[in-house]
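The values are calculated or read from the model by the stated rules, or taken from the named source; none is laboratory data. Quick caveat: nothing in here was measured; it's all calculated off a predicted structure. Virtual Cβ from ideal backbone geometry, glycine too; neighbours counted across all protein chains shown. Please note that ligands, DNA and RNA were not included when accessible areas were found on the heavy atoms of the full protein model with its side chains. Shrake-Rupley method; radii C 1.70, N 1.55, O 1.52, S 1.80 Å.
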Amino acid sequence: MARKKIVAGNWKMNMTPSQAVKLVETLKPLVASDDVDVVYCVPAIDIVPVVEACKGTNVEVGAENMYFEEKGAYTGEISAEMLVDAGVKYVIIGHSERRDYFKEDDALLNKKVKKAIEAGLTPILCCGESLEQREMGVTLDWINLQIKSDLDGVAASDVANMIIAYEPIWAIGTGKTATSDQAEEVCGAIRRTIAAMYDEATAEAVRIQYGGSVNAGNAAELFGKPDIDGGLVGGASLKEDFGKIVNYK
Ligand code: PEP
């Protein structure tokens, strides 16, 4: 069965709550689609108003991060249960900015993936290589290691329903997009890793996004590749262009 494309915006640390609601209203007619799942991953403080503003639309709301513990003395953190109760459906886990600036490692990300699934959230698990790693020729080994570590102990049926986002670090926010062949090579390799870890059916079911300077001009070529099931979009998700990315065909 063909996988449904999924396009998710990653707003990062942008948009105050009132700006967020305005953006949702502006994008509402532009992102309407029956063919593509649309998600806005928004800052924690925007979740409640954005969930409200998206009611009755085709857009689901995601968080940009969460903590793996149930509750308690973790000042500043947000639990999976809180997200679910607020109406969140997706959560980005392991974005390269969190891995880099906040030193999140694969052992921690594995706990987050498991907790998100247990709570009923769909993880958008990010992986990706640095420019140095690409130039050293270790991209596929590195991605393989990230996927294997982050999914350790996760059941096949849960992997089949989650999202993996391949985001080369050198392409994020740089305007330097991976070519569609480069992106397809890695997304295909991720699918083969999932087949080896689980089985063909799980590999065929899991949706794999590309992220890294996706825009209205390159989305169609990237999303046209057989192993690329949509995109995780940073900068362009804050503009009207996001509608063109969703309706890329
Ligand atoms: C991202 O932050 O996940 C991302 C892909 O950003 P951009 O689209 O701006 O490169």
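Tally up the residues in the range 197-213 that are closer than 20 Å to residue 177 by Cα and away from the ligand (no atom under 16 Å from the Cβ), please. Going through the range 197-213 one residue at a time, the tally reaches 0. Please verify whether the range 109-126 includes one or more residues that are within 16 Å of the ligand (Cβ to nearest atom), open to solvent by 50 Å² or more (accessible area, probe 1.4 Å) and in a helix (DSSP H, G or I). Among the residues of the range 109-126, not one is within 16 Å of the ligand (Cβ to nearest atom), open to solvent by 50 Å² or more (accessible area, probe 1.4 Å) and in a helix (DSSP H, G or I), which makes the answer no. Per the conditions (1) in a loop (DSSP other than H, G, I, E, B); (2) surrounded by 18 or more Cβ atoms within 10 Å (Cβ to Cβ); (3) not charged (D, E, K, R), the sole criterion not satisfied by residue 50 is (1). Please go through the range 79-108 and give me each residue that is within 16 Å of the ligand (Cβ to nearest atom) and touching a Lys or Arg at 6+ places or on another chain (Cβ under 7 Å), ordered by number. Scanning the range 79-108 gives 93, 104. Is there a residue in the range 227-242 that is hydrophobic (A, V, I, L, M, F, W, C), open to solvent by 20 Å² or more (accessible area, probe 1.4 Å) and not in a helix (DSSP H, G or I)? No; the residues of the range 227-242 include none that is hydrophobic (A, V, I, L, M, F, W, C), open to solvent by 20 Å² or more (accessible area, probe 1.4 Å) and not in a helix (DSSP H, G or I).
Residue by residue, here is whether (1) crowded, with 18+ Cβ neighbours inside 10 Å; (2) at positive phi; (3) touching a helix residue (DSSP H, G or I) at 6+ places or on another chain (Cβ under 6 Å) holds:
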residue: 137; (1), (2), (3): no, yes, no
residue: 149; (1), (2), (3): no, no, yes
residue: 165; (1), (2), (3): yes, no, no
residue: 174; (1), (2), (3): no, no, no
residue: 191; (1), (2), (3): yes, no, yes
residue: 206; (1), (2), (3): yes, no, yes
residue: 217; (1), (2), (3): no, no, no
residue: 221; (1), (2), (3): no, no, yes
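When the criteria are applied in full, residue 147 fails the requirement of being within 16 Å of the ligand (Cβ to nearest atom) and at pLDDT 95 or above. Restricting to the range 1-30, give me the number of residues that are away from the ligand (no atom under 16 Å from the Cβ) and assigned to a loop (DSSP other than H, G, I, E, B). Residues meeting the conditions: 8. Residues in the range 53-68 that are exposed (fewer than 14 other Cβ atoms within 10 Å of the Cβ) and either at pLDDT below 95 or on the phi < 0 side of the Ramachandran plot (or both): 55 alone.
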